[in-house]
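A short write-up of the structure that comes next.
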Amino acid sequence: MNNDTVGTAVRLRLFGASHAPELGFELEGIPAGLAVDPDALRGELERRSAAAYGFATGRREADEPIIEAGLENGVTTGGVIRMSFKNRAYDRSEYRPVARPSHADYAAFVKSGGGEDISGGGRYSGRMTLPMTAAGAVCRQLLRTRGIEVFGHIAAIGELKDAPFDPMLTEKPDMDRLFPLVDPSLGAGMKALIEQTRREGDTLSCEAEVAVTGLPVGLGEPLANGVEGTLSRLLFMIPGLRGVSFGELRARGSLMNDCFGEGGRTLTNRSGGVNGGMANGMPLIFRCAFRPVPSISLPQTGFDLIEKKPVPLTITGRHDTCILPRGLAAVEAAAALGTADLLMMGEENG
Ligand SMILES: Cc1cc2nc3c(=O)[nH]c(=O)nc-3n(C[C@H](O)[C@H](O)[C@H](O)COP(=O)(O)O)c2cc1C
């Protein structure tokens, strides 16, 4: 089975792999007549690219989008949007048939009987977030026409934690584009921690916090297509993501409930903008927890997939120390894709 399409009214399919000649996406369900700003698209790709950050993986790719279908003169036709990217900075001869600890290598090798190209992580690589970010950039522009914004910040790098968003989010915080923090004074310490950990050959966990503002009350369909499930399905396509949580979780109802004020708005937003799987009119706020990047450069034990035995392994080459900040563009893209899906589902049902 290879049904890798995600979404109900807006459907996404990713193709290609880390060390394949190309990778890209097909996106169905975006209405005709949407102007897609190429600078906004490039801006999102730049936030995801390693070149923007001195401390990220050394793999450098141009990430130049090739629009193959669905856009005429920068405007959507209503048909399938297909976009691809060429991979150039890879060398399959570097690949050794040894499963790396906590990567997808072992499971993918067994599942495919050795038939799948898993060099560089194959389809399980963080590189797959490139087409996802591009597809999300298209959706962000659709959302913008409806007054919906998606933005996030680095909530934690290792043990260092940023201040959370004010859950009422009466206005969008003014944050750096590439290293967004609510408290920018923490940036230097976080970057130093990434650099120090990289020098030690190790990697770091991290957390993102994301807000979606301007959602119409009632967005989200009952049960299977609720807000949390729809967004989470897309978010968990991002390699390294381990947890998603919406709003706060407090020990008692009396500390957790959001009482009403004028016009149906609530006086607090502990629910994070969602009740019963539907947007409640307050900003949608969720957190994503990422594992430390599995490619550490310290000595480990891998599994030789041909000889079928554990073998000493020291990973060399180009790797991120931490999935954020690069992964934030992908997290926001997943949120935009899910929100666009919910909006279009609502329009189909309404
Ligand atoms: C933007 C991004 C960049 C990543 N960079 C790396 C990397 O350089 N090295 C690495 O080992 N893992 C990297 N990862 C994470 C792995 O792809 C992921 O942990 C691995 O495929 C196993 O999947 P799992 O952690 O979801 O189980 C990255 C993930 C993302 C989203």
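Averaging Cα coordinates gives a centre for region 196-217 and one for region 42-82; these two points are 21 Å apart.
Of the residues SER205, ILE285, SER93, the one whose Cα sits farthest towards the positive end of the charge dipole of the chain is SER93 (charges of +1 on Lys and Arg Cβ, -1 on Asp and Glu Cβ, taken about the Cα centre).
Placing +1 on the Cβ of every Lys and Arg and -1 on the Cβ of every Asp and Glu, with nothing else charged, gives region 10-102 a dipole about its Cα centre of roughly 520 debye.
Projecting the Cα atoms of PRO239, LEU169, LEU328 onto the dipole axis of region 11-349, where Lys and Arg carry +1 and Asp and Glu carry -1 at the beta carbon, places PRO239 farthest toward the positive end. When the trypsin sites (Lys or Arg not before Pro) in region 31-88 are filtered for DSSP coil states and for at most 14 other beta-carbon atoms within 10 Å of their beta-carbon, the remaining sites are ARG60, ARG88. Once the 1.4 Å probe is applied to the protein heavy atoms, region 11-349 comes out at 45 Å² accessible per residue. Using a 7 Å offset from Cα along Cα-Cβ at ASP202, what residues in region 155-171 end up with backbone N under 11 Å from the label point? What the label zone holds, given the 11 Å backbone N cut-off, is 159. Checking every one of the trypsin sites (Lys or Arg not before Pro) in region 207-268 against DSSP loop status and a limit of 16 other Cβ atoms within 10 Å picks out ARG250, ARG252, ARG265.
Projecting the Cα atoms of MET256, VAL217, ASN275 onto the dipole axis of region 215-286, where Lys and Arg carry +1 and Asp and Glu carry -1 at the beta carbon, places MET256 farthest toward the positive end.
Counting only Cβ charges, +1 for Lys and Arg and -1 for Asp and Glu, the dipole size of region 11-349 around its Cα centre is about 820 debye. Using a cutoff of 8 angstrom between alpha carbon atoms and counting only pairs six or more residues apart, the relative contact order for region 27-80 works out to 59 percent. The Cα trace of region 75-176 gives Rg and Dmax of 19.6, 53 Å, the first to one decimal, the second as a whole number. The Cα atoms of region 11-349 cover 67, 48, 35 Å along the three principal axes, with the biggest extent listed first. Working from Cα pairs under 8 Å separated by at least six residues, relative contact order for the chain is 23 percent.
May I ask you to list, by number, the DSSP H helices of the chain whose Cα span along the axis is at least 30 Å and whose average Kyte-Doolittle hydropathy reaches 0.0 or more? Membrane-span-like by this rule: 326-349. Ignoring the sites themselves, what is the longest stretch of the chain with no GluC sites (Glu not before Pro) in a DSSP loop and at most 13 other beta-carbon atoms within 10 Å? Between exposed loop sites, the widest span is 1-158.
Note that region 280-290 has calculated 3J(HN,Hα) couplings of 10, x, 8, x, 6, 10, 9, 10, 10, 9, 10 Hz, one per residue in order, obtained from phi through the Karplus relation 6.51 cos²θ - 1.76 cosθ + 1.60 (θ = phi - 60°); glycine and proline are x. Count charges around GLY229 for me, please; just the other residues with Cβ under 13 Å from its Cβ, Lys/Arg as +1, Asp/Glu as -1. Surrounding charge for GLY229 is -2.
The values are calculated or read from the model by the stated rules, or taken from the named source; none is laboratory data. Please read all numbers here as calculations on a predicted model, not as lab measurements. Neighbour counts run over all protein chains shown; Cβ positions are idealised from the backbone, glycine included. Quick note on the areas: whole protein, heavy atoms, side chains included, nothing else; ligands and nucleic acids left out. Shrake-Rupley method; radii C 1.70, N 1.55, O 1.52, S 1.80 Å.
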